[in-house]
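As structure tokens, the structure follows; a few thoughts come after it.
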Amino acid sequence: MKAKTIRKERVNLITLGCSKNLVDSENIITQLKANDIPVTHEDDANQAEVIIVNTCGFIDLAKEESVNTILQYAAAKSRKEIKKLYVTGCLSQRYKDDLALEIPEVDAWFGTMDLPGLLARFNVDYRHELLGERKIATPMHYAYLKISEGCNRTCSFCAIPLMRGKHISRSIEDLVTEARSLARKGVREIMLIAQELTYYGLDLYKERRLADLLRALSEVEGIDWIRLHYAYPSKFPLDVLETMAQLPKVCNYLDMPLQHADDRVLERMRRQITRAETEELVGRAREIVPGIVMRTTLLVGFPGETEEEFEVLCDFVRRMRFERVGVFQYSHEEDTRAHSLADDVPAEVKVDRANRIMEIQRDISLEKNQSRVGTVEKVLIDKLEGGCYYGRSEGDSPEVDNEVVIEASAGYLRVGDFVHVEITSATEYDVYARPIQTDN
Ligand code: SF4
């Protein structure tokens, strides 16, 4: 008698938050697919019977979005549109006991390190051998490579160590294996990500080994660009910059959140660095890697931040002239060290200060983009949309930085290819170009 095949329920996974959470979702998808469980990522066709929400718990706005997304699917479950709802990720790690009482429609809550527990709900085991075989949710020509988990820093405003635990580096061998597997799938650009990138190796090898990792990854055939995100300024390993200058595959690009520039605020934030040391580091980076594109993230409205301290930050942004700047407003996170301070900067002042920083940056970004007009740049084509190709230069990371816009009428280009273009015009946040030669 023919064995009755049990149809496996379709799963749809929703990812909220940062690129590190996206990699976690990709690992969940990889494990489920390897066990023949039909799974989609962010498919809004509502075909799925099981929903997994991978949440973010970083700051108020992110937590709100996560809770609203869970409630949306809790309602769908009450309407019997879906059968099961599972929640994982940072918000779940941090608040699952309270949330389980508030949202009983959720079938189970999992922490950030509990993939085996989630898989057990599908009666499948975690398969370690799949680690290097990650299915990516990004366009096929670029991918994130998470080189470590957790963070040992003690920035007073930050709840990430509460949700992600202590710093754990992955081995250089494992990361090279994963990069090779990504390259075999057609990935040409990898973004190295972590909670704190520059701490890489201190736990596993008892020394900083990010430069060694870059050298090893540069040997991987098929990978053309390696990009660094989430570097930490204090005790920054300068050999990383020297390696960046030496190795053509390592983009002359550095994302290094600095948060603030006033020494009193930096101290209250426990950032272990001063304004003078920060400026010296930025100066060294521009010396060692001429033309380096620097991205930073700043935090306004920290408890006690005076107008005078904020003006120090404004002056710093004017003087440092970063290529890329992002701003967060302080979020009063329980169980962080800063939570014992009064959250005394009014919400509207936080908004105003964030806008003032971005106003200063907009002018700088426009000047810097206009200085690219007439130059020739190598661009990776990301997509064709509305009659234009959108790509990125070595100085632009996906989702967060500028785009290079090319009229499709200028000729056929293939998504995932490198093209040399001439920059023809510029705005604050994008540049326009015409193709002069394809590289592939
Ligand atoms: S280094 Fe980053 S992740 Fe670590 S505590 Fe500081 S802000 Fe948080």
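For residue 85, the conditions (1) hydrophobic (A, V, I, L, M, F, W, C); (2) within 20 Å of the chain's Cα centre (by Cα); (3) in a strand (DSSP E or B) are fulfilled apart from (2). When every residue of region 209-217 is checked against the conditions, at least one turns out to be part of a helix (DSSP H, G or I) and within 16 Å of the ligand (Cβ to nearest atom). Pull up region 136-153, narrow it to residues that are assigned to a loop (DSSP other than H, G, I, E, B) and surrounded by 18 or more Cβ atoms within 10 Å (Cβ to Cβ), then point me to the one that is farthest from the ligand (Cβ to nearest atom). The selected residue is 141. Counting just the residues of region 361-381 that are under 24 Å from the mean Cα position of the chain (by Cα) and more than 19 Å from residue 424 (Cβ to Cβ), which one comes out most open to solvent (accessible area, probe 1.4 Å)? Checked region 361-381; the qualifying residue most open to solvent (accessible area, probe 1.4 Å) is 362. Only one of the numbered conditions (1) of a type outside the set (Gly, Ala, Ser); (2) in contact with a helix residue (DSSP H, G or I) (Cβ under 6 Å, 6 or more places away or on another chain); (3) part of a loop (DSSP other than H, G, I, E, B) is not met by residue 163, and that is (3). A single entry from 281, 341, 298 fulfils the requirement of being touching a Phe, Trp or Tyr at 6+ places or on another chain (Cβ under 6 Å), surrounded by 14 or more Cβ atoms within 10 Å (Cβ to Cβ) and over 23 Å from residue 433 (Cα atoms): 281. Taking the criterion of being under 20 Å from the mean Cα position of the chain (by Cα) and either within 16 Å of the ligand (Cβ to nearest atom) or outside any loop (DSSP other than H, G, I, E, B) (or both), the residues of region 166-175 that qualify are 166, 167, 168, 169, 175. Could you tell me whether region 177-188 includes any residue that is touching a residue at least 40 places away in the same chain (Cβ under 8 Å), touching a strand residue (DSSP E or B) at 6+ places or on another chain (Cβ under 8 Å) and within 15 Å of the ligand (Cβ to nearest atom)? Among the residues of region 177-188, not one is touching a residue at least 40 places away in the same chain (Cβ under 8 Å), touching a strand residue (DSSP E or B) at 6+ places or on another chain (Cβ under 8 Å) and within 15 Å of the ligand (Cβ to nearest atom), which makes the answer no.
Condition check ((1) polar (S, T, N, Q); (2) under 16 Å from residue 325 (Cα atoms)) across all residues:
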{"site": "360", "(1), (2)": "no, yes"}
{"site": "365", "(1), (2)": "yes, yes"}
{"site": "377", "(1), (2)": "no, no"}
{"site": "403", "(1), (2)": "no, yes"}
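In this structure, does residue 156 turn out to be part of a loop (DSSP other than H, G, I, E, B), assigned by TED's automatic domain parsing to the domain that holds residue 303 and open to solvent by less than 10 Å² (accessible area, probe 1.4 Å)? For residue 156, the condition - part of a loop (DSSP other than H, G, I, E, B), assigned by TED's automatic domain parsing to the domain that holds residue 303 and open to solvent by less than 10 Å² (accessible area, probe 1.4 Å) - is met. Residues that are under 23 Å from the mean Cα position of the chain (by Cα) number at least 3 in the following helices (runs of 4 or more DSSP H) confined to region 236-318: 239-246, 275-288. Looking across region 6-19, the residues that are within 23 Å of the chain's Cα centre (by Cα) and open to solvent by 10 Å² or more (accessible area, probe 1.4 Å) come down to 14, 15, 16, 17, 18, 19.
If you take the residues in region 218-256 that are in contact with a Lys or Arg (Cβ under 9 Å, 6 or more places away or on another chain) and in contact (Cβ under 8 Å) with a residue 60 or more places away in the chain, which one is most open to solvent (accessible area, probe 1.4 Å)? Going through the qualifying residues, I end up with 224.
The values are calculated or read from the model by the stated rules, or taken from the named source; none is laboratory data. All figures in this text were calculated on a predicted structure; none of them were measured in a lab. Quick reminder, even Gly has a Cβ in these numbers, built from the backbone with ideal geometry, and neighbours come from all protein chains shown. Just so you know, the surface numbers come from the protein's heavy atoms only, side chains and all, with ligands and any DNA or RNA stripped out. Shrake-Rupley method; radii C 1.70, N 1.55, O 1.52, S 1.80 Å.
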